[in-house]
1. May I ask you to list the residues in the range 337-357 that are of a type outside the set (A, V, I, L, M, F, W, C) and closer than 23 Å to Ile384 by Cα?
2. Can you tell me which residue among Ser808, Ser790, Ser795 is small (Gly, Ala, Ser), exposed (fewer than 15 other Cβ atoms within 10 Å of the Cβ) and touching a strand residue (DSSP E or B) at 6+ places or on another chain (Cβ under 9 Å)?
3. Scanning for something among the aliphatic types (A, V, I, L, M), touching a Cys at 6+ places or on another chain (Cβ under 7 Å) and at pLDDT below 90, does the range 617-628 turn up at least one residue?
4. Report whether or not Ile687 is assigned to a helix (DSSP H, G or I) and either of a type in the set (D, E, K, R) or more than 21 Å from Phe258 (Cα to Cα) (or both).
5. Please pick out the residue among Ala577, Ala612, Ala629 that is in contact (Cβ under 8 Å) with a residue 12 or more places away in the chain and within 28 Å of Val342 (Cα to Cα).
6. Can you pull out the residues in the range 590-608 that are crowded, with 17+ Cβ neighbours inside 10 Å and over 15 Å from Lys262 (Cα atoms)?
7. Can you tell me which residue is surrounded by the most Cβ atoms within 10 Å (Cβ to Cβ) among those in the range 551-582 that are out of contact with any strand residue (DSSP E or B) (no Cβ under 9 Å at 6 or more places or on another chain) and either of a type in the set (A, V, I, L, M) or outside the structural domain of Glu383 (by TED's automatic domain parsing) (or both)?
8. Just to confirm my filter: which strands (runs of 3 or more DSSP E) fall fully inside the range 487-588 and include at least 3 residues that are under 23 Å from the mean Cα position of the chain (by Cα)?
Amino acid sequence: MEYCEKSTLRDTIDHGLHQDQNRLWRLFREILDGLAYIHEQGMIHRDLKPVNIFLDSQDHVKIGDFGLATDHPANVAAGKFEVEESGSAVIPKPDPSGNMTGMVGTALYVSPEVQGNTKATYNQKVDLFSLGIILFEMSYRPMTTGAERINVLSQLRAEPIVFPGDFTAYEQGTQKVIQWLLNHDPALRPTTQELLKSELLPPPQMEESELHEVLQHTMANINGKAYRTMVGQLFAQNTSPVMDYTYDIDLHKGSFSFNSAKLQQHVYETITRIFKKHGAVRLQTPLLLPRNRKLYDGSELACFMDHSGMLVTLPYDLRMAFARFVARNNITHLKRYSIERVFRPRKLDRAHPRELLECAFDIITPVTNSLLPDAETIYTISEIVQEFPALQERNYNIYLNHTSLLKAILLHSGVPEDKLSQASNILCDAMSEKLTKREVEAKFCNFSLSTNSLQTLYKYIEQKGNLQDLAPLLTSLTKQKTAVTQLAKQGLKDLEELTVLLRRLGVKLQVVVNLGLVYKVQHHSGIIFQFVAFIRKRKRTVPDIVAAGGRYDHLILEFRGPASTVPVPSAVGASVALDKVCAAMASMEEPPSVSSCDALVVPVGQSSMSKAINVVQKLWSTGVSADIAYDVSQSQETTLDHCRLAGITCVALVSDKEGNYVKVKSFEKDRQSEKRIPESDLVDHVIQKCRTKFFEERNIREISESISLQNPKGSLLNTTGSSEQHGSSGMNMNVNVISPEKVSSSARRRYETQIQTRLQNLGSNLQNKSNDIEVLAVDLQKETLINFLSLEFDSEEQFNSSVKTLLSRLPKQRYLKSICDEIHHYKITKKVAVVVLYSYKDDYYKILL
């Protein structure tokens with residue numbers, strides 16, 4: 001029990017509390033908080049009035065005198081009690097004259113449902129009525145006599161409420177709260193919690209220093225009640241319709257591009273195919289991570305709080321969560337890829353974080369003394385760059401560096417060891433042009449770096465080229481007997497080994513050692529790399545980094561549990577900015593045509609829907625991607641326009657009036673053709689029209705990748721371990737070498753052997769189209785060979801027209817014409833079903849059907 005000396009709310013009211021509004025509302029909130037606690041315990045005070053509310057020496061409220069308190073709703077009498085035989089309390093008998101002189105104490109504060117002449121069951125709302133009278137007294141001038149007080153409060157208790165004439169000077173908000181509390185219908189009175197959350201109450205006033213102290217004390221004990229209350233209040237906030245509407249308004253912008261979605265899917269599928277070729281599996285890791293300031297020093301994270309108050313982050317990249325996953329699961333052997341969103345916070349309040357699409361490729365292996373995983377990772381990313389024409393055109397370079405070599409340069413230049421991380425961050429900002437040279441110099445001055453030391457640093461970090469060209473400069477690091485010598489030697493040794501491996505793998509992009517390359521050095525421990533091109537942007541030439549990565553064994557060590565005894569594996573990974581790849585593709589003068597499906601089945605009228613369903617089911621069952629038009633009321637012109645825009649090659653118009661025939665419209669480039677064919681021939685017709693997609697994407701590509709890998713010189717390594725022709729018995733493959741120059745008999749035999757080995761399983765995957773396959777081996781690059789897919793074989797006239805169009809776009813007319821003549825001989829004259837055009841220069845082929 002706490003002693004409160006000679007001070008009650010009654011005394012404070014009588015001394016002019018109404019003149020100090022800040023104190024008034026602070027005390028009222030404290031009364032309300034205390035009452036809320038009493039009600040939470042299932043109790044009712046029943047005798048709330050100013051003389052029962054005490055103030056301690058710190059001027060804080062203490063509610064006292066619980067003589068009439070009960071822990072359940074009951075019947076009460078205020079003032080004079082009469083007890084019936086049943087033991088229940090009954091309502092006092094008021095003075096017959098109606099005057100309340102004898103009830104100045106409790107009666108003036110009793111709610112109407114308690115004061116009636118009959119028994120009344122009530123709830124905790126009776127205390128809220130009493131609080132309404134108390135708030136009025138706190139807000140009104142002191143009343144000089146008992147008679148005035150009885151008169152004013154009696155008027156206040158009336159229905160409707162009558163306020164004194166001189167009370168209008170006070171804020172309207174106070175009147176509204178009092179009227180709410182003094183409502184004669186208990187159901188319409190607020191609860192303590194509703195009132196605490198109401199906007200009618202002025203916000204609590206607190207000195208900034210006091211508020212800081214309270215928050216600091218609350219945050220110090222995350223398991224305490226105050227902390228849980230604070231977090232609970234944060235999560236109890238309501239979201240207004242305006243906040244809901246504007247939260248992600250700039251992400252949607254009311255526009256959706258179906259073409260962009262198709263292009264993104266095309267990029268996704270292409271990259272996934274490359275990763276699968278390397279034996280990688282798709283692996284997702286948990287979305288959220290506890291916030292870690294140390295590992296993300298200098299990075300802005302999208303940070304959130306869970307219901308317990310714990311801070312968690314959305315992924316800034318896909319590597320951190322994977323490194324944690326590898327460490328916690330003791331993984332020592334894994335090759336994985338992941339294509340997911342990563343997030344950046346926005347400067348705007350109450351706005352969705354910015355989303356980016358990132359692709360990650362990682363190799364985890366127990367072999368820690370080899371740089372082959374690093375080389376394969378770089379090679380894999382180079383394959384992605386080579387796969388997309390838009391990226392090829394930009395001439396990306398592969399920048400290499402080593403964290404040990406970078407550390408040696410910084411230490412040699414006089415950067416203190418405890419400042420290496422900060423210095424690396426400064427260099428990173430400098431390389432990405434976030435800082436000017438002058439700003440960099442100013443930041444390095446804080447490390448007490450002399451002008452000479454800064455010049456030495458720049459002498460190194462501004463250099464890039466091959467290792468042979470950089471050797472004289474790096475001699476100063478490797479010849480000295482200092483602490484940096486071993487670091488520099490290790491870095492150079494690894495870079496030399498890596499460049500040799502990249503040459504063996506046949507990486508076509510230019511490899512450059514860049515001594516100023518800095519990439520997340522707090523995460524990496526070994527080789528680091530970036531794929532960089534220089535592009536024009538806003539009238540400036542700027543570096544464009546499409547991918548980056550490196551070795552991160554030490555990052556896994558950061559997440560290892562204290563009891564783990566498994567050796568730390570080698571870990572290397574790369575991240576690709578998929579948004580940049582998609583943007584580059586979309587910005588091409590002629591973006592690649594990516595269709596959502598090969599054929600669209602359109603019922604002509606509602607009565608043809610059943611037949612259309614049968615047709616589309618037949619296409620699906622044979623592996624042809626197809627869609628069906630649900631809206632039969634749409635005009636044919638609208639449907640055809642949609643197909644042109646969506647890149648759909650064939651439209652099958654199905655009508656029950658056509659019997660067993662289907663009308664097929666085909667789109668190729670700017671041409672449109674129409675043919676009425678038997679329903680039984682539809683699948684073959686669509687396959688012929690969509691030959692590139694159907695055979696290349698669904699069958700041939702997967703088969704060729706499983707059969708062989710290409711080495712740097714273009715020769716073939718059989719990966720099946722057997723020369724058996726599965727299911728291809730009876731197949732007759734003829735190889736015809738068409739060369740612009742005379743070919744020796746031995747070279748011709750070598751080509752024939754190479755091609756037959758390459759295409760040994762082709763026949764079993766052409767679904768019995770033909771037992772005869774004619775292969776035309778040509779001396780063309782892959783890019784030129786692809787153009788021959790535009791040739792038409794439906795008639796001689798169409799073939800000649802398509803040849804004319806083809807030759808108008810390409811050089812080397814005489815040689816190309818001889819190839820076209822051979823194609824005419826086999827496809828038009830001899831009507832061979834399957835002709836393969838094979839480039840012995842690039843080990844690449846396409847099927848002409």
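The values are calculated or read from the model by the stated rules, or taken from the named source; none is laboratory data. Please read all numbers here as calculations on a predicted model, not as lab measurements. Don't worry about glycine lacking a Cβ; one is built from the backbone with ideal geometry, like all the others, and counts go over all protein chains shown.
1. Tyr337, Ser338, Glu340, Arg341, Glu355
2. Values: Ser808 fails: touching a strand residue (DSSP E or B) at 6+ places or on another chain (Cβ under 9 Å); Ser795 fails: touching a strand residue (DSSP E or B) at 6+ places or on another chain (Cβ under 9 Å).
That would be Ser790, the only listed residue that is small (Gly, Ala, Ser), exposed (fewer than 15 other Cβ atoms within 10 Å of the Cβ) and touching a strand residue (DSSP E or B) at 6+ places or on another chain (Cβ under 9 Å).
3. Step one: list which residues in the range 617-628 are among the aliphatic types (A, V, I, L, M), which gives 619, 624, 626, 628.
Subsequent filtering for residues that are touching a Cys at 6+ places or on another chain (Cβ under 7 Å) retains 626.
With the extra rule that they be at pLDDT below 90, the set shrinks to none.
No, the range 617-628 contains no residue that is among the aliphatic types (A, V, I, L, M), touching a Cys at 6+ places or on another chain (Cβ under 7 Å) and at pLDDT below 90.
4. Against the criterion (assigned to a helix (DSSP H, G or I) and either of a type in the set (D, E, K, R) or more than 21 Å from Phe258 (Cα to Cα) (or both)), Ile687 qualifies.
5. On the way: Ala612 fails: within 28 Å of Val342 (Cα to Cα); Ala629 fails: within 28 Å of Val342 (Cα to Cα).
The unique qualifying residue is Ala577.
6. Ala599, Leu600, Val601, Val602, Pro603, Val604, Ser608
7. Here the answer is Val568.
8. 540-551, 570-577
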